[in-house]
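Taken together, the values in this text are just the output of simple stated rules run on the coordinates, not laboratory data. Since the model is a prediction, treat every value here as computed from it, not as a measurement. Here the Cβ positions follow ideal geometry from the backbone for every residue, glycine too, while neighbour counts run over all protein chains shown.
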Amino acid sequence: METIVNLMTSVHLSPVDTGTTQSSAPSSSSPSPMAASGSLLDLVLRSLDDDQAQDVVTIPLEGKSSVSDHMVIASGRSTRQVATMAQKLAERIKHGGFGHVRIEGLPAADWVLIDAGDVVIHVFRPEVRSFYNLERMWAFGDQGAA
């Protein structure tokens with residue numbers, strides 16, 4: 001019971017932190033052996049599926065952006081589910097050996113952005129997702145040459 005209370009306290013106090021602190025800076029030069037066994041995108045998609053995300057869309061960003069290789073957009077049914085999916089995803093990425101992630105929008109949990117480097121993940125409530133319509137914004141060039 002004490003472990004659960006400690007975990008909940010650390011998540012509540014610092015939603016960007018994934019629950020643990022380290023004194024050394026994460027190495028971004030090479031992924032750990034654990035990370036080499038599967039891709040970051042696969043881990044993200046598995047995590048969202050495990051957490052029952054809805055309408056998951058993957059958008060390849062090669063040639064569209066130098067910031068990331070893939071964008072994943074998903075919906076949760078409520079702010080609570082959106083926040084929980086984001087926190088669990090950040091933990092799974094970290095434990096998968098892909099390093100720390102940056103999370104924005106967790107307190108409100110209408111739209112949470114998770115920057116994992118090569119993959120950027122947007123988790124929305126359905127109403128907010130339809131308002132911003134990121135899929136349409138990033139779909140340019142996908143319809144082929146006219």
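Around the Cα centre of the stretch 38-138, unit charges on the Cβ atoms of Lys, Arg, Asp and Glu (plus for the first two, minus for the last two) sum to a dipole of about 220 debye. The HN-Hα couplings worked out from phi for the stretch 107-113 by the Karplus form 6.51 cos²θ - 1.76 cosθ + 1.60 (θ = phi - 60°) are x, 7, 6, 7, 8, 10, 9 Hz, whole numbers, x standing for Gly and Pro. Three principal axis extents of the stretch 38-138 based on alpha-carbon atoms, in descending order, are 31, 30, 21 Å. Converting phi to 3J(HN,Hα) with the Karplus coefficients 6.51, -1.76 and 1.60 and the offset θ = phi - 60°, the stretch 132-139 yields 7, 6, 4, 4, 5, 4, 8, 7 Hz in sequence order, with x at every glycine or proline.
Across the stretch 38-138, the mean sequence separation of Cα contacts (distance under 8 Å, 6 or more residues apart), normalised by length, yields a relative contact order of 28 percent. Label reach from Asn133 (point 7 Å along Cα→C-beta): in the stretch 62-94, amide nitrogens under 19 Å belong to 73-75.
Between amide H atoms placed 1.01 Å from N, distances below 5 Å from Phe98 occur with no residue 5 or more places distant or on a separate chain. Subtracting the Cα-Cα distance of Arg102 and Val67 from their residue separation scaled by 0.36 nm leaves 11.2 nm.
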